[in-house]
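Written out below as structure tokens is the structure these notes cover.
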Amino acid sequence: MNPLAARAETREMAAPGALGLRSAPAPRQILVLQLARFGDLLQTWPLLTRLRLAYPGARLTLITDQRLLPLHPLGPQVDATQGFDLLGLTALVEQDWPGAYQRVASLLKDLRAREFDLVFNLNFSRISLLLTYLLGAPAQGFLPGAGGREFFRGPWLAWIYSLVHARRFNRFHLTDVFRHLAPEPAVATAPPALAACPGGEPVIALQLATRHDRRTWPLKYFTRLAEFFASQMQSRVLLLGTKAEQDLGERLRAALAPPLRERVTNLQGQTGLAELAAQLKETHFLVSGDTGTLHLATALGVPTLALFLGPALCFETGPYGCGHYVLQAEPPCHPCLEASSPCPAAGQVCLEMLPPLAVAQLVAGLLLQGAAPPDLHLPAGARLYRSQLDAFGVFYQPLGQAPPRFQDLVGLAYRQAGVWLAEAGTEFGGGGQGSVAQGSRLWTSDSSPKPPPPTQYGGREKLASEVIEPLEVLLTTLRYGKGSVEIPEVAAALRPLLAFQGEMQRQGQEHLFFGVKNVFTAQLQSWLNQTR
């Protein structure tokens, strides 16, 4: 018998909302597939916690990259964690495809024997889609189609991924994207409390590299930062990273005067994941770009300052929890793509938007006074955010006196609409009803949405004229299906909504589009009402 034989299929591209977790019997065996990187696994931990609380009687199994197994004791309680050699399988496919086949067949046989009745597939890799398809259990997340060779998304993920058409309006953190795939438990848990500020010698860790040059703060700036910490704050400085990044740390230390060099320890390449976690637990503060180290620190309750530039967007993958800080470079070209977005002729302008002196003063204020300096000077295009939590998840409160921009207000409106969609439940039974949309026009609906909940601007919504005009044009287009979209920002603001409309039409769930559109429109109108 072929162990990889396809299951009897009753629906190839069934509506994802048909799962109905709220009305189905409580699952007994739950499988979570997370085969992506270090940071992605850490951002899955709140989902695991939520599943444990929502289904206390279920057996919870996690399959992850085997290189990440040392993190298992630090994460949420699961009943079984199984490593998978994804890199080894890729190499085996090229060298011995029958052997690769047998390895997958053996894994599948083992998983089928456990009789999973609910699968959360958090990746669109071929192996995770194939396993999800062949197990044949109800699934959430990335759902297999075409015999496991393709994937499609249910309404919740379709809403999130519609925002790739205009990322600057995205206000959904990856952690919350994963977390809201599961039903809300009766009892919620708080994130770990941040570590107390030191009374004596501060220990500050620096993660020097990220996975892409465009996300990485220059080494010369990290060097000046380490010099400030060692000389002005009498801190011990730890340099974190992999063995491949070890040269960066040595170059930083070599640029320091010998007395300061003694206060800087290069740990790059000397810590496995368990040792890295142990070092972070002894650290009072971490400065990092968008890295797995950043997400591990926040999971452990270590205060962090994240330096986000280039493609990195704090709303998507910033430090999760309450009380972390982000310096975000936001030039007109932000957020870019790692490979396909050319930098301006002047070079990567965002590198100059996060000056080392401002970073040093910010960390000093946070560690020594417990607050950001009120007179912190940042270049135009840079913003300081502080992470906070509400009932839905994390959001990033802008600090300072800058008024809200068009992209801020539209982004929050998208978030409010997403909150409605998530709160409709995993059955997605709520939402406005209305006439079917035709083509790419946004047609009106007869349903009346509830008033939108308050936003995180807290009454500061005094809008400038350059913000009011595009908001009015956007609202006209939303209400009447017509209007001038010659304003580039308005056209960009409509793209995610149009993408979601098209996907809901394909899935036969237009009522969900009208529901989110109504909430989105009501939130935008609330901004204008407060101005008048």
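Return a yes/no flag: does the stretch 228-240 have any residue that is under 24 Å from residue 44 (Cα atoms) and buried (at least 17 other Cβ atoms within 10 Å of the Cβ). Among the residues of the stretch 228-240, at least one is under 24 Å from residue 44 (Cα atoms) and buried (at least 17 other Cβ atoms within 10 Å of the Cβ), which makes the answer yes. Count of the stretch 138-193 residues, restricted to those that are within 28 Å of residue 492 (Cβ to Cβ), of a type in the set (Gly, Ala, Ser) and in a helix (DSSP H, G or I), is 3. Of all residues in the stretch 492-532, exactly one satisfies the criterion of being among the β-branched types (Val, Ile, Thr) and farther than 15 Å from residue 414 by Cβ, namely 531. Kindly indicate which of 294, 309 is modelled with pLDDT of 95 or more and either of a type in the set (A, V, I, L, M) or crowded, with 24+ Cβ neighbours inside 10 Å (or both). Just a single option satisfies the conditions, and that option is 294. Looking at the stretch 247-258, can you tell me whether even one residue there is out of contact with any Asp or Glu (no Cβ under 9 Å at 6 or more places or on another chain), surrounded by 15 or more Cβ atoms within 10 Å (Cβ to Cβ) and under 20 Å from residue 309 (Cα atoms)? Yes, that holds for at least one residue.
Taking residues in the stretch 509-532 that are closer than 16 Å to residue 481 by Cα, and partners anywhere that are hydroxyl-bearing (Ser, Thr, Tyr) and buried (at least 24 other Cβ atoms within 10 Å of the Cβ), the pairs with Cβ atoms closer than 7 Å and at least 6 places apart or on different chains are 520/414. Looking across the stretch 107-126, the residues that are in contact (Cβ under 8 Å) with a residue 40 or more places away in the chain and out of contact with any strand residue (DSSP E or B) (no Cβ under 8 Å at 6 or more places or on another chain) come down to 108, 109, 125. Could you tell me whether any residue of the stretch 476-485 is modelled with pLDDT of 85 or more, out of contact with any strand residue (DSSP E or B) (no Cβ under 7 Å at 6 or more places or on another chain) and of a type in the set (S, T, N, Q)? Checked against the condition, which is being modelled with pLDDT of 85 or more, out of contact with any strand residue (DSSP E or B) (no Cβ under 7 Å at 6 or more places or on another chain) and of a type in the set (S, T, N, Q), the stretch 476-485 yields at least one hit.
Of all positions in the stretch 303-317, at least one carries a residue that is under 20 Å from residue 68 (Cα atoms), in contact (Cβ under 8 Å) with a residue 60 or more places away in the chain and not aromatic (Phe, Trp, Tyr).
The residues of the stretch 196-236 that are in contact with a strand residue (DSSP E or B) (Cβ under 9 Å, 6 or more places away or on another chain), among the basic types (Lys, Arg) and either under 20 Å from residue 357 (Cβ atoms) or at pLDDT 95 or above (or both) amount to a single one, 236. Residues of the stretch 39-59 that are farther than 21 Å from residue 393 by Cβ and in contact (Cβ under 8 Å) with a residue 24 or more places away in the chain: 57, 58, 59. Any residue in the stretch 258-274 that is touching a strand residue (DSSP E or B) at 6+ places or on another chain (Cβ under 6 Å), over 29 Å from residue 68 (Cα atoms) and assigned by TED's automatic domain parsing to the domain that holds residue 301? Yes, the stretch 258-274 contains a residue that is touching a strand residue (DSSP E or B) at 6+ places or on another chain (Cβ under 6 Å), over 29 Å from residue 68 (Cα atoms) and assigned by TED's automatic domain parsing to the domain that holds residue 301. All conditions but one from (1) among the hydrophobic types (A, V, I, L, M, F, W, C); (2) assigned to a loop (DSSP other than H, G, I, E, B); (3) closer than 28 Å to residue 75 by Cα apply to residue 217; the one that does not is (3). Scanning the stretch 329-379 for residues that are in contact (Cβ under 8 Å) with a residue 40 or more places away in the chain and on the phi > 0 side of the Ramachandran plot turns up just one, 370. For first residues located in the stretch 467-491 and under 11 Å from residue 409 (Cβ atoms), partners that are at pLDDT 90 or above and among the basic types (Lys, Arg) and lie 6+ apart or on another chain with Cβ distances below 9 Å form the pairs 467/405. Please verify whether the stretch 82-103 includes one or more residues that are touching a residue at least 12 places away in the same chain (Cβ under 8 Å), among the β-branched types (Val, Ile, Thr) and either in contact with a Cys (Cβ under 7 Å, 6 or more places away or on another chain) or outside the structural domain of residue 273 (by TED's automatic domain parsing) (or both). No; the residues of the stretch 82-103 include none that is touching a residue at least 12 places away in the same chain (Cβ under 8 Å), among the β-branched types (Val, Ile, Thr) and either in contact with a Cys (Cβ under 7 Å, 6 or more places away or on another chain) or outside the structural domain of residue 273 (by TED's automatic domain parsing) (or both).
Take the conditions (1) touching a residue at least 60 places away in the same chain (Cβ under 8 Å); (2) part of a loop (DSSP other than H, G, I, E, B); residue 256 misses just one of them, which is (1). Within the stretch 173-191, is even one residue within 27 Å of residue 369 (Cα to Cα), surrounded by fewer than 21 Cβ atoms within 10 Å (Cβ to Cβ) and at pLDDT below 95? Yes, the stretch 173-191 contains a residue that is within 27 Å of residue 369 (Cα to Cα), surrounded by fewer than 21 Cβ atoms within 10 Å (Cβ to Cβ) and at pLDDT below 95. Restricting attention to the stretch 325-381, which residues are part of a helix (DSSP H, G or I), more than 30 Å from residue 201 (Cβ to Cβ) and either more than 27 Å from the chain's Cα centre (by Cα) or among the hydrophobic types (A, V, I, L, M, F, W, C) (or both)? Passing the criteria: 349, 350, 351, 353.
The values are calculated or read from the model by the stated rules, or taken from the named source; none is laboratory data. Everything quoted here is computed from the prediction, not taken from an experiment. Neighbour counts are summed over all protein chains in view; Cβ atoms, including those assigned to glycine, are modelled from backbone coordinates with ideal geometry.
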